[in-house]
Structures are given as structure tokens and as C-alpha cells.
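Accompanying notes for the structure given below.
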Amino acid sequence: MSEVNIKEYIESGILEAYVLGALTEGERASVEADMVMYPELAKEVAAIEAAMESFAQANAEQPPAHMQQQIWNAIQQQTVQSAPDVQSTEQSTPQAKVIALPQPAQRPAWQRAAVWAAIVVSVVTNFMLLSQRNKSKEEIAALSSQMDSLKTSQQEVLAQYKKGRDMLADTAMKTVVMRSVQQGKDMTGMVFWSKTTGESYLAIHNMPMPEKGKQYQLWVIQDGKPVSMGVIDNNLVANAGSMYKVPIQIKAGQAFAISLEKEGGNPTPTEVCVVGAI
């Protein structure tokens, strides 16, 4: 075989298939005979096996305990199956002298299985670690989003606190306490009203939750007539003490009142609950 033919032989991939145990018995015997005749082929096989072992060692990851046991069981089974195959090959083939010749690059089938088992474990484990890293990135992104949301909420709360503080510090702001007008019911509410700007803020402290289909409604009494300032969200009632900015501005009035009405409100109050004079 010429040097060119040896190069083509090596580049054909048959030596890699030999190392992987992917050849038939006849093909293996032919490769082994060629390795005896041409030392270059034996050196190439040794280099291929060394490269595979290096790859397995360099990329090895500690697999889970159950996976290690499964691999070890597979290697032991391969060892049991390999031993009779070697004996039958030596007995059935007249080329027993080929196996007896020095072959430093040759390794038992179970060792090749162990090498490739390690490679498979490495690939699977790396895939699992990559998936875990991707999952961790998603969890970090979700946590970051939650932190941003909390930061926004905190800024809103601080802004509301500052606004309430500035409001209470305004000397033009008047505090109107509304008390129950119904016998035996202790209900209270407060309106903070600025006659200068017309802005007002409502806080409910002790009023029962309206029954289904009903809402509280805020009123201002102007010249003896009630003027609606809008219905009150039930969430404000549930969160007693929360402050709510009334969307309607008023520049004059003699009193504030809250009544219980049908959901959506009424043009005139029907069941007055609390009243506070300005």
C-alpha cells in the first residue's frame, strides 16, 4: 500500500468505526491485519482512542448517583458479553496469529464501551446543566421583574405619602369629620378639602361593606341642595383608612355627606349614612 493509499485509508473513517466497534467481524479482522502490516495505521488508531479518552475526561461532569449505577451495570453486562465473543473468534478464525501479534493501540471492547459511556454521560449532563442554567436565567429575569414592580409600587406609595403630607401641611386645607346619622350605627368618614384649589380627599374609617348591588355615594351640600361627587369604590371601604382623591373639584359648600345607594349611584341621596358640616 502506497503512502497516498494509507492517507486515503485513514481519511475514509474506517479506523474511527473500528475504534467505536461499529465494524463487522470480517471488517475488524481486515483492519487488524492491515494494522500489523502498516504501523502507521496502528499509530492512527492509538491517536483516535487517545483523543476520545481526552475528550471524555475533559468534558466529564459528575452524573447523578442513579445514572452512575446504570452505566456501571451496562459496562458489566458488556464485559460478560465480550468475553465469549473473543474466545469464539479465536477458535473459529484461522487468523489467530493476528490477535497474538503486538497491538499496543488495541483495547478490549468493554473499555471502548466505558469511554463512550463517559462521553454520553458528559453530553447528557452538560445538556442538563445548560437547561438548569437557562431555567435559572428565567427565574432571575422573573425575580428582576418582580423587583422592578415592587420598586414602582414603593415609589407610588412614597409619592402618595408625600402628597398627603403636603396636603395636611397646607393651611388652607380643612378637615371635615362626617359622623353617623343612623341610630345605633357608629360610622365615620373624613374629607380633606382645600377651598383654595377645590381639591378634596376622602378617607373612610368605620363603615360596613355595602351588600351586593349597592355602593356608597359622596355628596356636597351647596345652598341646601345635595350635589353628587361620585360613587365610592368598594375597595376603599374594604381598605379602611386609605385616602382617595375625589375627581370633582368644588369651591363652596356647607357640608359633606355619604349615602348608601344602588350600584352606580343615584341623582339624589336615598339613605344618608354620615354627615359633616364644613
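Laboratory data are not the source of any read-out in this text; all were calculated from the coordinates shown. This structure is a prediction, so every number in the text was calculated from the model and none was measured. Every residue, glycine among them, receives a Cβ derived from its backbone with ideal geometry; neighbour counts consider all protein chains shown.
Here is the figure for the range 205-227: residues that are in a strand (DSSP E or B) and over 12 Å from residue 256 (Cβ atoms) total 6. Of the set (1) among the hydroxyl-bearing types (Ser, Thr, Tyr); (2) within 24 Å of residue 172 (Cβ to Cβ); (3) surrounded by 13 or more Cβ atoms within 10 Å (Cβ to Cβ), all apply to residue 196 but (3). The residue that is surrounded by the fewest Cβ atoms within 10 Å (Cβ to Cβ), counting only those in the range 245-275 that are under 18 Å from residue 212 (Cα atoms) and without any contact (Cβ under 8 Å) to a residue 40 or more places away in the chain, is 270.
Considering only the range 209-217, I want to know if a residue exists there that is more than 30 Å from residue 159 (Cβ to Cβ) and either surrounded by 13 or more Cβ atoms within 10 Å (Cβ to Cβ) or touching a residue at least 60 places away in the same chain (Cβ under 8 Å) (or both). Yes, that holds for at least one residue.
Checking the structure you have, find out if any residue of the range 186-208 is small (Gly, Ala, Ser), over 14 Å from residue 278 (Cα atoms) and out of contact with any strand residue (DSSP E or B) (no Cβ under 6 Å at 6 or more places or on another chain). No, the conditions are met nowhere in the range 186-208. Apart from one condition, residue 237 fits all of (1) outside any helix (DSSP H, G or I); (2) touching a strand residue (DSSP E or B) at 6+ places or on another chain (Cβ under 6 Å); the exception is (1). Filtered by the rule that a residue be free of Cβ contacts under 8 Å to residues at least 60 places away in the same chain and in a strand (DSSP E or B), the range 191-204 gives 192, 194, 200, 201, 202, 203, 204.
Note on the range 242-278: residues that are within 16 Å of residue 190 (Cβ to Cβ) and either in contact with a His (Cβ under 8 Å, 6 or more places away or on another chain) or assigned to a strand (DSSP E or B) (or both) amount to 12.
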